[in-house]
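Down below is the structure, laid out as structure tokens.
The values are calculated or read from the model by the stated rules, or taken from the named source; none is laboratory data. Worth saying up front: this structure is predicted, and the values here are computed from it rather than measured. Here Cβ is always computed from backbone atoms with ideal geometry, including for glycine, and neighbour counts include all displayed protein chains.
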Amino acid sequence: MNINNLFKEKKVVFSFEVFPPKQVSKIDTIYNTLEELKGLSPDFISVTYGAGGSLSKNRTCEISSIIKNKYGIEPLAHLTCINSSKEEVTKILDDLKREGVENVLALRGDIPLEYKGNSSFKYSGDLITHIKERNDFNIVGACYPEGHLESKSYEEDFLNIKRKQELGATHLISQLFFDNEIFYDFLEKKDKYGVKISIQAGIMPVINTKQIKRVVSLCGAKLPKKFIKIMNKYEYNPEALRDAGIAYATEQIIDLISTGVDGIHLYTMNNSYVAKKIAESTSSIIKTINNYKDIVI
Ligand code: FAD
């Protein structure tokens, strides 16, 4: 199924992100997570690409296939292109097609230290064009409410988003953020730049201090005062910190859906306990909004 149709059918699309187990782990370790996530009836599940080295890259296709063919949920396979040849990318797309995967999140990927500038693809737009030529996949793109770290201005970032739309991306998933006001500002600006496609808000429940430091160093997300206060308060109490992280993400999601966002994409970090707690607290509100299609928010 083309997941873009979900945005025509629903007011709020709710999805999860998982990542393939690291090279040393057996692929079975993802089964329990998927089993639990299936029970939460997400609209689709996305699978990251490349974060755990080359073996985990092959696993994106394998796990996407399991999500579709074993669990009956629509998968969205992430695919990065920097440092990959056209042949490599084409092979992955052939594999995904063979497994019945119909949706691809087309990304450039972070530029590796060893990169020598000799890639067939320079930007995500080049990958979108390559995928579009085949006419086999629905294409999704990434966006950055706080701006991409390499962009010199908001304008540059929005022109890139608009380019993704023109090249064939049918919806966007946002980078994680902790301050909803930043996301609302971003949505207000998108109209000015003619961005019309649906945008899902990316939410990551932060459940330990190591994770916060890593996330902030990788994507530069701003931490609101309230968030810092909670994290400091429970720094030495892991269970309380986890619960506070779940509560913070839940509050963010309820605020977003009651303000009328197109969808929520939950970065689960393969933690089904956390995903379950959040889905339990938000699913009845999402159901209500989706049942009353003529609710105007
Ligand atoms: P691009 O859209 O190519 O943009 C990168 C930079 O180049 C931006 O500053 C943009 O403004 C600029 N730019 C783009 N096109 C042009 C142009 N034609 N001319 C001039 N400048 C241009 N990484 C992974 O490795 N694996 C994953 O699975 C993964 N999943 C992700 C999922 C989401 C929802 C998000 C938000 C990010 C994900 N990432 C993942 C991280 C992503 O790969 C990085 O953020 C990467 O640095 C940018 O990827 P992009 O596709 O947004 O790049």
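Below, the figures for the structure above:
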quantity: Contacts under 8 angstrom Cβ, first residue in segment 145-160 being within 21 Å of F178 (Cβ to Cβ) and among the acidic types (D, E), partner assigned to a loop (DSSP other than H, G, I, E, B) and near the ligand (Cβ under 9 Å from one of its atoms), 6 or more apart; calculated: D157/Y144; D157/G147; D157/H148; D157/S151
quantity: Matching residues in segment 110-128 - criterion: being within 25 Å of S15 (Cβ to Cβ) and modelled with pLDDT of 95 or more; calculated: Y123, S124, G125, L127, I128
quantity: Selected residue (only one of D262, D185 is under 30 Å from N5 (Cβ atoms), buried (at least 16 other Cβ atoms within 10 Å of the Cβ) and among the acidic types (D, E)); calculated: D262
quantity: Top-ranked residue of segment 136-153 - restricted to ones that are farther than 16 Å from Q175 by Cβ and more than 10 Å from the ligand (Cβ to nearest atom), ranked as modelled with the lowest pLDDT; calculated: D136
quantity: Total residues in segment 94-119, condition surrounded by 17 or more Cβ atoms within 10 Å (Cβ to Cβ), within 15 Å of the ligand (Cβ to nearest atom) and on the phi < 0 side of the Ramachandran plot; calculated: 9
quantity: Matching option when the condition is within 10 Å of the ligand (Cβ to nearest atom) and of a type in the set (D, E, K, R), among E188, E133, E166, E156; calculated: E156
quantity: Single condition F178 does not satisfy, out of (1) crowded, with 20+ Cβ neighbours inside 10 Å; (2) within 14 Å of the ligand (Cβ to nearest atom); calculated: (2)
quantity: When residues of segment 215-259 are limited to those that are surrounded by 14 or more Cβ atoms within 10 Å (Cβ to Cβ) and of a type in the set (G, A, S), the one farthest from T170 (Cα to Cα); calculated: A244
quantity: Test: residue in segment 82-92 that is under 19 Å from the mean Cα position of the chain (by Cα) and within 14 Å of the ligand (Cβ to nearest atom); calculated: yes
quantity: Hey, N2 of a type outside the set (S, T, Y), within 24 Å of Q165 (Cβ to Cβ) and modelled with pLDDT of 95 or more or not; calculated: yes
quantity: Qualifying residue in segment 78-98 (condition: touching a helix residue (DSSP H, G or I) at 6+ places or on another chain (Cβ under 6 Å) and among the small types (G, A, S)); calculated: no
quantity: From the options S65, S120, residue that is touching a Lys or Arg at 6+ places or on another chain (Cβ under 7 Å) and small (G, A, S); calculated: S120
quantity: R134 being basic (K, R) and over 25 Å from V89 (Cα atoms); calculated: no
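Residue-wise test of (1) within 21 Å of the chain's Cα centre (by Cα); (2) not aliphatic (A, V, I, L, M); (3) not in a helix (DSSP H, G or I).
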{"site": "Q200", "(1), (2), (3)": "yes, yes, yes"}
{"site": "L218", "(1), (2), (3)": "yes, no, no"}
{"site": "A221", "(1), (2), (3)": "yes, no, yes"}
{"site": "M231", "(1), (2), (3)": "no, no, no"}
{"site": "A240", "(1), (2), (3)": "no, no, no"}
{"site": "Q252", "(1), (2), (3)": "yes, yes, no"}
{"site": "L256", "(1), (2), (3)": "yes, no, no"}
{"site": "V274", "(1), (2), (3)": "yes, no, no"}
{"site": "T282", "(1), (2), (3)": "yes, yes, no"}
